[in-house]
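Undergrad: Handing you a structure now.
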Amino acid sequence: MQRVAVIGSSCAGKTTLASAIARIRGCPHIELDAIHWKPDWVEAPLEEMRERTQEAVSAESWALDGNYSRVRDLVWARATDVIWLNYDFPLVMSRALRRTVRRIATREELYSGNRESLRMALLDRESILWWVIRTHGRRRRDYRELCTRENFPHIAFTELRHPREADALVAALEASSGATPAPAPPSAPGGAG
């Protein structure tokens, strides 16, 4: 697991898992959302996102989270491992709801100073809640095909179907590295994932 990309539905727990892997391995954690979003929820221009992603993945080791097809060729060309969090819709949607409510209540600052709002969460067609509803099934179909294709023979693919499997992966990595287990974050009840 030298260069790991964690993929899956929005709100599945990609950032939590990639962050844990980075901590255990002592390597950079790359959040594609942080590269993608500029202040006021403005998307980075394609060329800027590709340049910043290329620079980030040129490192010798990393743990990355994100689904952006616009940079997948750059990420997957360098990845040694892809971990797919293939969780069921009710689990992902409940996480999306809890995370959104928490972020609104705490005014948590996200990428480039952005924050979620009640109006954005409920009324905006691009809100994370609507995004999960619209993309969950499509991502499952797309990743099923991508993760079984012969186009990426250099990548070891791992499919995790439940957060317990992500917890077990983190525990195994901690045990093999001698790292001190971290407490489960409040946003991921039951541990990483």
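Where a number appears in this text, it was derived from the coordinates with a stated rule and is not lab data. Owing to the predicted nature of the structure, the values given are computational and were not obtained by experimental measurement. Neighbour counts are summed over all protein chains in view; Cβ atoms, including those assigned to glycine, are modelled from backbone coordinates with ideal geometry.
Undergrad: Determine the percent antiparallel among the DSSP beta bridges restricted to segment 3-175, to the nearest 5. Let's see the in-between values first.
TA: Details: 2 of 19 bridges.
Bridges in segment 3-175 are about 10 percent antiparallel.
Undergrad: Please report the projected area of segment 128-171's Cα convex hull averaged over all directions, in nm². Mind dumping the intermediate values first?
TA: Numbers: hull surface 17.1 nm².
Taking the Cα atoms of segment 128-171, their convex hull projects to 4.3 nm² on average.
Undergrad: Just to be sure I understand: with springs between alpha-carbon atoms less than 10 Å apart, which residue in GLY66, GLY137, GLY13 has the highest mean-square fluctuation in the Gaussian network model of the chain?
TA: GLY137
Undergrad: Now, a different point. For a quick check, take a GNM of the chain with Cα springs below 10 Å and name the residue from ARG25, ARG95, ARG144 with the largest mean-square fluctuation.
TA: In the Gaussian network model the winner is ARG144.
Undergrad: Tell me which of LEU129, ILE30, TRP76 sits at the most positive position along the dipole axis of the chain, charges placed on C-beta atoms (Lys, Arg +1; Asp, Glu -1).
TA: Checking the options against the dipole of the chain, the answer is LEU129.
Undergrad: Show me, for segment 145-151, the HN-Hα J-couplings you get by feeding each phi into the Karplus relation (A = 6.51, B = -1.76, C = 1.60, θ = phi - 60°), rounded to Hz, glycine and proline as x.
TA: Once θ is set to phi - 60°, the couplings for segment 145-151 become 5, 5, 7, 10, 5, 8, 5 Hz.
Undergrad: If you average 1/r over every pair of different alpha-carbon atoms in segment 3-175 and take one over that average, what Kirkwood value in Å do you get?
TA: On the way: mean 1/r = 0.0598 Å⁻¹.
For segment 3-175, the Kirkwood estimate is 16.7 Å.
Undergrad: Which longest uninterrupted range of the chain lacks any GluC sites (Glu not before Pro) assigned by DSSP to a loop state (not H, G, I, E or B) and surrounded by at most 15 other Cβ atoms within 10 Å? Write down the numbers at each step before the final one.
TA: Details: sites that count: GLU60, GLU108, GLU109, GLU126, GLU150.
Looking at the chain, 1-59 is the longest stretch - no exposed GluC sites (Glu not before Pro) with at most 15 other Cβ atoms within 10 Å.
Undergrad: List, in order, the whole-Hz ³J(HN,Hα) value for each residue of segment 126-138 obtained from phi through the Karplus relation with A = 6.51, B = -1.76, C = 1.60 and θ = phi - 60°; use x for Gly and Pro.
TA: Once rounded to whole Hz, the list reads 9, 5, 4, 5, 5, 4, 4, 4, 6, 10, 4, x, 5.
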